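Participant: I'd like to ask you about the structure that follows.
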Amino acid sequence: MLRNLLGRQNRTLWFWVFVGPFAIGLGLFTYVPLAWSLYLSFFDAHNTVTPHDFVGFGNYTALLRDGDFTGSLGTFVVFSAFIVPATFVLSLALALAINRLRFAQAFFRSVFFLPTACSYVVAALIWKLSIFNGVRFGLANTVLGWFGGDDVAWLSSTSPPWYWLVIVTVRLWLQAGFYMVLFLAGLQRIPAPLYEAAAVDGARPGWQTFRHITFPALRATSVAVVLLLVINAFQSFDEFYNLLSSSRGYPPYARPPLVYLYYTALGQGQNLGYGSAGAMLLALLIAVVTVVQARWFGLGKKED
Amino acid sequence: MPISRRRLLAAGGGFAAAGALAAGCGNNTGRGGSGSGGGPMLSHWYHEYGEMGAEQAVQRYADAYRKAKVTIQWRPGNYDQQTAAALLTDSGPDVFEVNGPTIDQIQGRQILDLTEQIAPVRHDFHHAVLATKVHYGRVWAIPQVIDTQLLYYRKSMLRRAGVEPPRTVDELADAARKLTSDKVKGLFLGNDGGAGTLGGLPLYAAGLSVVTEDGKVGFDDPAAARVLGVLRRMYAQKSLLLGAPTDWSDPSAFTQGLTAMQWSGLWVLPRVREILGDDFGVLPFPRYGEHGAPAVPVGAYGAAVSARTKHPRAAKDYVKWLWVDRTSYQEDFALNYGFHIPARLSLAERAKKLRHGAAAEAVRLATEHGHAEPLLWTTAAKNAYQDALSRIIRSGADPERELRSVVRRTEEELHRVTARDKRRTHTRNTENPADGKQKKPTNKQKKG
């Protein structure tokens with residue numbers, strides 16, 4: 001009996017010794033909160049996680065009618081429309097450039113990868129306080145001043161919406177190096193005979209080779225990069241919060257879903273039912289987007 | 001089943017991380033250790049005051065208390081979020097200072113009734129400030145010190161520009177325009193153009209309110225849109241300082257000459273005086289229209305007792321001892337580290353530091369023109385209003401249309417909280433849950 005339970009060579013026992021703690025952690029810190037959140041989303045749960053006032057789908061319908069919540073989804077769409085192509089192009093360009101280097105390759109690779117090690121909070125504060133502050137001695141305004149431009153309040157004015165420049169550049173700086181390394185790995189896996197064959201067939205080096213050899217050969221890497229970029233954009237919180245929030249809350253623009261829900265559910269608002277409903281909708285949305293994207297790009301299929 | 005080394009490491013790492021997390025949660029709740037000093041253990045939370053010596057002071061007060069062993073937690077960061085989360089669990093504080101309380105904390109029975117504790121001196125507290133801690137006649141937190149905000153102006157800059165200190169909102173807009181040059185802006189209302197720090201104050205200056213005393217929306221009035229329109233005008237004519245490295249709560253923009261006038265807290269007054277000497281004055285937010293009156297905001301952190309405390313009686317006694325009986329500590333805390341007004345009228349009158357110059361003026365303004373945010377002005381309504389104000393000021397949205405939707409949202413919120421009150425009263429009459437629950441463990445604790 002006990003023997004059976006332990007399995008041959010105690011394999012079952014060892015399986016649980018190794019997997020058990022991880023499974024418990026996953027259950028305790030991921031699935032229990034998820035299920036609890038689902039439960040809360042059906043209640044009027046102000047300042048409590050053990051609510052009594054059942055409201056059915058009330059929180060969900062209120063959310064969908066809430067212009068601020070739908071607006072925050074719009075913010076996310078705008079943000080990804082900027083950041084995903086920008087990071088993709090920049091990190092691919094960096095990877096191509098570095099891959100061609102004959103010397104000091106490791107040096108440049110490290111230089112461009114280094115920002116990845118910087119924290120989002122620190123970078124956001126530097127962007128906000130020294131580069132893009134609104135007074136005359138900020139770096140961006142100093143440069144503008146050389147060309148006779150007026151001071152711009154980068155993060156405070158909404159027309160034109162300069163704050164997007166600040167938000168997008170900080171993330172671009174932080175993450176481009178990381179994706180560059182992914183692309184470099186992809187580039188180094190492309191077999192050299194492929195290029196030789198192309199050269200024999202008369203392909204000109206440069207754009208033609210890139211268009212017909214390099215880019216198609218990078219397909220698997222590109223798909224993974226786009227997927228990661230979209231998910232990361234969805235989870236963006238740190239730089240938005242640190243760039244735009246003040247002690248009195250968050251402005252009504254450039255407010256992605258997580259920031260909006262943070263202020264609804266976790267601030268003094270403590271509307272945990274409403275916040276949970278929002279989290280559920282977001283989880284659903286990100287699942288749908290990921291599945292559609294994976295289908296579309298054929299992620300996980302065996303490469304030919 | 002083959003287990004690769006990588007998997008093994010991943011599982012081990014997960015385990016270690018979970019262990020670290022658990023250790024992180026268990027630490028520092030202020031409940032550890034054995035109560036060697038006799039009496040129950042109480043943990044008391046404060047938000048981080050940026051003032052030298054304040055932490056040592058509250059530690060000294062706690063050490064002086066004999067009937068319980070009080071541990072102080074000085075909590076930097078988002079204090080409101082931290083306490084809100086901690087109040088949902090058993091590892092939260094027994095006693096804590098609260099930026100409120102909010103109506104939902106009271107209705108959710110997260111804090112205990114302190115009416116009895118404050119009763120002997122209730123009339124001695126600043127009326128408007130105490131009113132925000134009272135719901136249906138019961139007091140839920142004891143005000144600690146009063147903070148207020150004022151308009152600081154540089155006398156020399158105004159003189160040079162030939163501008164009188166503004167007495168109406170329109171004069172303020174004109175003054176800000178005249179004081180603006182290519183190096184100096186006229187007015188600093190915060191990096192968001194004033195939406196955050198001014199809040200409902202312009203409404204009070206126009207003779208309105210956010211929520212009336214009988215619990216109705218207080219700004220369903222054309223004057224509301226008009227006064228907020230003036231704020232937009234100041235923004236549009238580029239008289240406002242925006243994007244300064246420090247926000248309105250810090251005097252640097254003002255003392256460094258980035259702006260001629262700044263809206264800021266009473267707490268910056270000592271530093272402003274130190275740097276600028278007599279070259280500054282203070283004003284209230286000026287009045288607007290015929291029915292208007294000057295206005296300053298007043299608010300106070302309150303000392304509250306968590307409903308989840310295991311020692312309700314001891315916690316209440318301690319709060320009473322510190323914030324009702326020990327007037328010397330209250331005075332010390334208000335005036336010797338930062339610069340606040342004692343919440344007790346008798347102490348505010350007595351304080352020497354508040355008798356002269358700008359400080360005396362600030363006390364007068366807080367007493368005569370102080371408005372506190374009513375308890376029924378819920379966070380959701382406040383956020384909706386603040387968003388609307390930000391859109392009006394910064395994006396030039398139509399004030400009337402924006403306010404209409406805020407009025408609707410506020411009505412919904414008022415309806416929600418009053419409906420909850422009615423439900424609660426009903427349950428209270430039938431089963432009377434709150435009182436019995438609170439009294440049970442008290443006798444035991446008194447002796448222990």
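The values are calculated or read from the model by the stated rules, or taken from the named source; none is laboratory data. Note that this is a predicted model, so its numbers are computed, not measured. Glycine also receives a Cβ, built like all others from the backbone with ideal geometry; neighbour counts cover every protein chain displayed. Accessible surface is based on the protein model in full, side chains and every heavy atom, while ligands, DNA and RNA are left aside. Shrake-Rupley method; radii C 1.70, N 1.55, O 1.52, S 1.80 Å.
Participant: Using θ = phi - 60° and the Karplus relation 6.51 cos²θ - 1.76 cosθ + 1.60, list the HN-Hα couplings for the stretch B:265-273 in order, rounded to whole Hz, with x at every Gly or Pro.
Facilitator: Residue by residue, the stretch B:265-273 yields x, 4, 4, 8, 4, x, 5, 4, 5 Hz.
Participant: How much accessible area does residue A:130 have with a 1.4 Å probe, in Å² rounded to the nearest 10?
Facilitator: Surface open to solvent at residue A:130 totals about 60 Å².
Participant: Summarise the partner chain shielding of B:239-249 as one whole number: the mean count of Cβ atoms from other chains within 10 Å of each residue's Cβ. Could the numbers behind the result be given before it?
Facilitator: On the way: counts 0, 2, 5, 10, 16, 7, 8, 2, 3, 3, 3.
Counting other chains' Cβ atoms within 10 Å and averaging over B:239-249 gives 5.
Participant: Would you be so kind as to identify all helices of chain A, as entire DSSP H runs, whose Cα atoms reach 30 Å or more along the helix's own axis and whose mean Kyte-Doolittle hydropathy is at least 0.5? Please list the in-between numbers first.
Facilitator: On the way: long enough: A:67-100 (50 Å, 1.44); A:163-189 (39 Å, 1.23); A:272-297 (37 Å, 1.58).
Span-like helices here: A:67-100, A:163-189, A:272-297.
Participant: Starting from the Cα-Cα distance between residue B:168 and residue B:214, subtract it from 0.36 nm times their residue separation and give me the gain in nm to one decimal.
Facilitator: Details: separation 46, 0.36 × 46 = 16.56 nm, distance 2.83 nm.
Additional length available on full extension: 13.7 nm.
Participant: Tally up the carbon and sulfur contribution to the accessible surface of the stretch A:57-297 as a whole percent, 1.4 Å probe, everything protein left in place.
Facilitator: Values: 8300 of 11910 Å².
After summing per-atom areas, the C and S share lands at 70 percent.
Participant: Enter the mean number of other protein chain beta carbons within 10 Å of the beta carbon of each residue in A:247-257, as an integer. Mind dumping the intermediate values first?
Facilitator: Details: counts 7, 12, 10, 6, 11, 12, 5, 0, 1, 0, 0.
Counting Cβ atoms of other protein chains within 10 Å of each residue's Cβ and averaging gives 6.
Participant: Got a sec? What order do A:103, B:188, A:132, A:147 fall in by accessible area at 1.4 Å, biggest, i.e. largest, first? Don't skip to the end; give the middle numbers.
Facilitator: On the way: A:103 145, B:188 0, A:132 25, A:147 170 Å².
So the residues, ranked largest to smallest area, are A:147, A:103, A:132, B:188.
Participant: Set the Förster radius R0 to 45 Å, insert the Cβ-Cβ distance between residue A:68 and residue A:200 as r into 1/(1 + (r/R0)^6), and round the FRET efficiency to 0.05. Each step should come with its number before you reach the end.
Facilitator: On the way: r = 60 Å, r/R0 = 1.34.
For residue A:68 and residue A:200, the calculated efficiency is 0.15.
Participant: Need the list of aspartates and glutamates near residue B:155 for cross-linking: C-alpha distance under 15 angstrom, and skip anything on the same chain fewer than eight residues off.
Facilitator: B:164, B:278, B:279
Participant: Could you give P(r) for the stretch A:1-40, binned at 10 Å from zero, as whole percent values over all Cα-Cα pairs?
Facilitator: Percent of Cα pairs in each bin: 28, 31, 23, 15, 3.
Participant: Next question. Quick one: order B:368, B:361, B:274, A:239 from most to least accessible surface, probe 1.4 Å.
Facilitator: On the way: B:368 115, B:361 55, B:274 150, A:239 0 Å².
Output order, biggest surface exposure first: B:274, B:368, B:361, A:239.
Participant: Which of the peptides A:32-38, B:42-48 is most tightly packed, and how do the rest follow, going by the mean number of other Cβ atoms within 10 Å of each residue? If you can, show how the numbers build up before the last one.
Facilitator: On the way: A:32-38: 14.0, B:42-48: 21.7.
Descending packing order for the listed peptides: B:42-48, A:32-38.
Participant: May I pose another question? At a probe size of 1.4 Å, how large is the accessible area of residue B:350, to the nearest 10 Å²?
Facilitator: About 130 Å², ignoring ligands and nucleic acids.
Participant: How charged is the neighbourhood of residue B:286? Take every other residue with its Cβ under 12 Å from the Cβ of residue B:286, and add Lys/Arg as +1 and Asp/Glu as -1. Working shown, then result.
Facilitator: Working: positive: B:167, B:287; negative: B:164, B:170, B:171, B:174.
Every neighbour counted, the sum reads -2.
Participant: Continuing with the same structure: Amide H of residue B:372 versus every other amide H placed in the peptide plane: which residues, excluding those fewer than 5 positions away on the same chain, fall under 5 Å?
Facilitator: Here the answer is B:298, since their amide H atoms fall under 5 Å of that of residue B:372.
Participant: Something else about it: Once you keep just the Cα pairs under 8 angstrom separated by 6 or more residues, what percentage relative contact order results for the stretch B:270-397? Could you put the intermediate results ahead of the total?
Facilitator: Working: 73 pairs, mean separation 35.0, N = 128.
Result for the stretch B:270-397 is 27 percent.
Participant: Could you size up the charge dipole of the stretch A:57-297 around its Cα centre, putting +1 on the beta carbon of Lys and Arg and -1 on that of Asp and Glu, and report it in debye to the nearest 20?
Facilitator: On the way: 14 positive and 8 negative charges, 92 e Å.
Roughly 440 debye for the stretch A:57-297.
Participant: In whole Hz, what ³J(HN,Hα) sequence does the stretch B:116-130 give by Karplus (6.51, -1.76, 1.60; θ = phi - 60°), x for Gly and Pro?
Facilitator: Result, rounded to whole Hz: 4, 5, 8, 3, x, 10, 4, 5, 7, 8, 3, 4, 4, 6, 5.
Participant: Once both labels are modelled 7 Å past Cα along the beta-carbon direction, what's the residue B:74-residue B:421 spacing in nm?
Facilitator: Between residue B:74 and residue B:421, the simple spin-label model gives 3.9 nm.
Participant: Shifting gears a bit: Could you work out the mean count of beta carbons from other protein chains within 10 Å of each residue's beta carbon in B:391-401? Kindly include the intermediate steps, with their values, before the conclusion.
Facilitator: On the way: counts 4, 0, 2, 8, 7, 2, 2, 0, 0, 0, 0.
What the average comes to for B:391-401 is 2.
Participant: Rg/Rh for the stretch A:1-154: what does it come to with C-alpha atoms and Rh from Kirkwood? Display every interim value, and only then the final one.
Facilitator: Values: Rg = 26.7 Å, Rh = 22.7 Å.
That ratio equals 1.18.
Participant: How far is helix B:54-64 tilted off the main Cα axis of chain B, in degrees rounded to 10, range 0 to 90?
Facilitator: 40
Participant: Give me, ordered by chain and number, the residues 5 or more places off residue B:100 or on other chains with an amide H under 5 Å from its own placed amide H.
Facilitator: B:302
Participant: Moving on to the next point. Averaging sequence separations of C-alpha pairs under 8 Å and six or more residues apart, then dividing by the length of the stretch A:57-297, give the relative contact order as a whole percent. Please list the in-between numbers first.
Facilitator: Working: 235 pairs, mean separation 66.2, N = 241.
Reported as a whole number, the value is 27 percent.
Participant: Further, regarding this structure: Given springs between every Cα pair under 10 Å in a Gaussian network model of chain A, which of A:25, A:278, A:56 has the largest fluctuation?
Facilitator: Residue with maximal mean-square fluctuation among A:25, A:278, A:56: A:25.
Participant: A further question follows. Please check the stretch A:16-61 for residues whose accessible area, probe 1.4 Å, is lower by 20 Å² or more when all protein chains are in place than in their chain alone.
Facilitator: A:18, A:21, A:22, A:29, A:44, A:46, A:47, A:49, A:53
Participant: Right, next: Ignoring ligands, DNA and RNA, what accessible area per residue does the protein assembly as shown give at 1.4 Å, in Å²? If you can, show how the numbers build up before the last one.
Facilitator: On the way: 36870 Å² over 752 residues.
On a per-residue basis, 49 Å².
Participant: Among rounded, prolate and oblate, which fits chain A when a ≥ b ≥ c are the square roots of the eigenvalues of its C-alpha gyration tensor, a/c under 1.5 means rounded, and a/b larger than b/c means prolate?
Facilitator: Numbers: a/c = 2.09, a/b = 1.11, b/c = 1.88.
Oblate, since a/c reaches 1.5 and b/c is not below a/b.
Participant: Continuing with this model, one more query. List every residue whose amide H lies under 5 Å from the amide H of residue B:70, counting only residues 5 or more places away in sequence or on a different chain, with H placed 1.01 Å from N in the peptide plane.
Facilitator: Residues meeting the amide H criterion: B:42.
Participant: Whole number please: convex hull volume per residue of the Cα set in the protein assembly as shown, in Å³? Don't jump to the answer; show the numbers that get you there.
Facilitator: On the way: hull volume 167.9 nm³, N = 752.
So the per-residue Cα hull volume is 223 Å³.
Participant: Let me ask something else. Once the Cα atoms of helix B:357-369 and of chain B are each reduced to a long axis, what angle between those two axes, in degrees from 0 to 90 to the nearest 10, is obtained?
Facilitator: 80
Participant: Calculate how steeply helix B:5-26 sits against the longest principal axis of the alpha-carbon atoms of chain B, using the helix alpha-carbon long axis, and give the answer as 0 to 90 degrees to the nearest 10.
Facilitator: 80
Participant: In Å², rounded to the nearest 100, what is the total accessible surface buried by chains B and A against each other with a 1.4 Å probe? Present the calculation step by step, with values, prior to reporting the outcome.
Facilitator: Numbers: alone 21770 and 18660 Å², together 36870 Å².
For B against A, buried area totals roughly 3600 Å².
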